[in-house]
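The values are calculated or read from the model by the stated rules, or taken from the named source; none is laboratory data. As the structure is a prediction and not an experimental result, all values here were calculated from the model. Using ideal geometry, Cβ is built from the backbone for each residue, glycine included, and neighbour counts are taken over all protein chains shown. Surface areas here come from the heavy atoms of the whole protein model, side chains and all, with no ligands, DNA or RNA. Shrake-Rupley method; radii C 1.70, N 1.55, O 1.52, S 1.80 Å.
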Amino acid sequence: MRYGGHTSCVVVAHDADSLPTLALDAGTGLRQLTPLLEGAPYTGSILLSHLHWDHVQGVPFFGAGDKDGARVDVFLPAQDDLSGRDLVAQFMSPPAFPIAPEGLRGAWSFTAVEPVTFGTDGFEVTACEVSHKGGRTFGYRVATASASMGYVPDHAPAAGVSDEAMAALRGVDVLVHDAQFVESERGIADDFGHATIADAVLLAERLGAGSLVLFHHGPARVD
């Protein structure tokens, strides 16, 4: 497959000569980061947009993170008055999985955050709440001094885009955005809390994004 084959994960490096130090979501695609590191333990951060299975399934199978010498700082949307660790343990602990979060080797931290701007691994990150069904969901702006990107993998713009989200994502160089459905599937898109391709294009135009990457295609699609 040229496209697809894994659930959501995008890794970011500071430049072409650097190893990735930031992962956006931790779907099964996170497993692909381990061979990129060529045996080195991962030292960096993971931003979870939300806690649906297809965005977190890679956490317990991330070999470069589950390793002595690794340092993995996980940030996720705060909700239900639970700690970051306890939110992760909802999908990663017995009987659903053999170990709980503290069973991972290396130094892992799990931080539940509100919509805020913070720094991690040399990136400036702004979290903003976006419309998506089934739990609190964030989009992220990730920026350095010379470039910026927006990552909004699960989003229903038709349900409304807040002023805060518009401000956070305005003018990004690259917008990676949910485009799971085509316009003839509008009813399904609205029911599932996702975007159509037309939704993604319109939002990119409204934001003045430099480039748009259509993301999160339905698993039944062909290339």
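Tabulated values for the structure
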quantity	calculated
Residue within the stretch 40-52 that is in contact (Cβ under 8 Å) with a residue 60 or more places away in the chain, among the polar types (S, T, N, Q) and closer than 14 Å to PHE110 by Cβ present	yes
Enumeration of residues in the stretch 94-107 that are in a loop (DSSP other than H, G, I, E, B) and either surrounded by fewer than 17 Cβ atoms within 10 Å (Cβ to Cβ) or within 17 Å of the chain's Cα centre (by Cα) (or both)	PRO94, PRO95, ALA96, PHE97, PRO98, ILE99, ALA100, ARG105
Enumeration of residues in the stretch 11-36 that are open to solvent by 30 Å² or more (accessible area, probe 1.4 Å) and in contact with a helix residue (DSSP H, G or I) (Cβ under 8 Å, 6 or more places away or on another chain)	VAL11, LEU19, THR28, ARG31
Among residues of the stretch 197-223, those that are basic (Lys, Arg), in contact with a Phe, Trp or Tyr (Cβ under 9 Å, 6 or more places away or on another chain) and modelled with pLDDT of 95 or more, counted	0
Residue list for the stretch 70-92, filter: under 19 Å from GLN57 (Cβ atoms) and among the charged types (D, E, K, R)	ARG85, ASP86
Helices (runs of 4 or more DSSP H) wholly inside the stretch 119-223 that include at least 1 residues being within 23 Å of VAL56 (Cβ to Cβ), open to solvent by 20 Å² or more (accessible area, probe 1.4 Å) and in contact (Cβ under 8 Å) with a residue 12 or more places away in the chain	186-192
Qualifying positions in the stretch 16-40 - modelled with pLDDT of 95 or more and on the phi > 0 side of the Ramachandran plot	ASP25
Boolean, ALA89 is open to solvent by less than 20 Å² (accessible area, probe 1.4 Å), out of contact with any strand residue (DSSP E or B) (no Cβ under 6 Å at 6 or more places or on another chain), among the aliphatic types (A, V, I, L, M) and without any contact (Cβ under 8 Å) to a residue 24 or more places away in the chain	yes
Enumeration of residues in the stretch 57-73 that are buried (at least 23 other Cβ atoms within 10 Å of the Cβ) and in contact with a Gly (Cβ under 7 Å, 6 or more places away or on another chain)	GLY58, GLY65, VAL72
Counted residues, the stretch 29-69 - those being closer than 26 Å to GLU114 by Cα, in a loop (DSSP other than H, G, I, E, B) and of a type outside the set (Val, Ile, Thr)	10
Of all residues making up the stretch 108-118, the number that are surrounded by 14 or more Cβ atoms within 10 Å (Cβ to Cβ) and aliphatic (A, V, I, L, M)	2
